[in-house]
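K.L.:
Please find one structure pasted underneath; my questions will follow.
The values are calculated or read from the model by the stated rules, or taken from the named source; none is laboratory data. Remember, it's a predicted structure, so these values are computed and weren't measured experimentally. Ideal geometry is used to build each Cβ from the backbone, glycine not excepted, and the neighbour counts take in all protein chains shown. Please note that ligands, DNA and RNA were not included when accessible areas were found on the heavy atoms of the full protein model with its side chains. Shrake-Rupley method; radii C 1.70, N 1.55, O 1.52, S 1.80 Å.
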Amino acid sequence: MERGRVEAFSDGVFAVAITLLVLNFSVPTAGSGKGSLVHQLLKQWPEFAAYLISFMVIGIIWVNHHGFFDKLRSLDRTMLFLNLLLLLFVVFIPYPTAIVADYLKVGGWDAKVAVALYSAVMLGMSIAFSGMYLWAGRHDELLDEAVDAGEHRARFWQFATGLPVYAVLVGVSFLSPGFALAGHFALAVFYVFDQTVARRAA
């Protein structure tokens, strides 16, 4: 199948997912007796934190998705289903984002479960994307002629850095939800600067 059709469909899913994130915000009510506007905005810090991290994650996945597809010349049926699996997790991200925003305010066990769920969704997303990378590496006919298949395979763990990190963050969530979220933010920043998926053989 041609890449263009799959990329267009995927872009639509990414656009929906990233747009849904903003629906987690509620507009502070004037004259509600809940304090000043500044006070109400400050109370929404979990929403802002969760939104920032998830926006970065979805945006980075989108950028890397384009970089990955640029390395392909064709797709087979398995790659299509792996791509659908990735999109399943991507479009689901706004849901655990909203849960994290709500339950961070509560704290306790519920906050830990909320962040663990968020981390598990990120782990699922990472597994799906890593599966796409591995499948392309094992089927040279899918890779563009300019891509060195051996180098592509050798860079797998550099590409899949998030896979073990997200697995660890699921456990860390039950120890410190705040530290786990900081880990998600740090990993997102790492992927902003990492260009593994976009590299081609010279």
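K.L.:
Near ALA111, within a Cβ-to-Cβ distance under 15 Å, what is the net charge of the other residues, with Lys and Arg +1 and Asp and Glu -1?
P.N.:
Here the charged neighbours net out to -1.
K.L.:
Next up: So, in the chain, how many Lys pairs have Cα atoms under 21 Å apart, if the pair is 8 or more places apart or on different chains?
P.N.:
4
K.L.:
How large is the convex hull of the Cα atoms of the stretch 108-176 per residue, expressed in Å³ as a whole number?
P.N.:
Per residue, the Cα convex hull of the stretch 108-176 comes to 68 Å³.
K.L.:
A further question on this structure: Mind ranking 146-155, 159-168 by how tightly packed they are, going by the mean number of other C-beta atoms within 10 angstrom, highest first?
P.N.:
Those peptides, ordered most packed to least, come out 159-168, 146-155.
K.L.:
Of the heavy-atom accessible surface of the stretch 1-140 (probe 1.4 angstrom), what whole percent is carbon and sulfur?
P.N.:
Result for the stretch 1-140: 68 percent of the exposed heavy-atom area is carbon or sulfur.
K.L.:
Here's another thing I want to ask about it. Could you work out the local net charge near ILE99, counting Lys and Arg as +1, Asp and Glu as -1, over the other residues with Cβ closer than 14 Å to its Cβ?
P.N.:
-1
K.L.:
Counting only Cα atoms, I'd like the Rg/Rh figure for the stretch 1-139, Kirkwood definition for Rh.
P.N.:
1.09
K.L.:
What is the projected area of the convex hull of the Cα atoms of the stretch 53-113, averaged over all directions, in nm²?
P.N.:
That works out to 5.0 nm².
K.L.:
Let me ask another. At 1.4 Å probe size, with every protein chain present, just tell me what the per residue accessible area of the chain comes to in Å².
P.N.:
Ligands and nucleic acids excluded, the figure is 51 Å² per residue.
K.L.:
Still on this model: Return the sequence-ordered ³J(HN,Hα) values of the stretch 163-169 in whole Hz as given by the Karplus equation 6.51 cos²θ - 1.76 cosθ + 1.60 applied to θ = phi - 60°, using x for Gly and Pro.
P.N.:
Coupling constants for the stretch 163-169: 4, x, 5, 5, 4, 5, 5 Hz.
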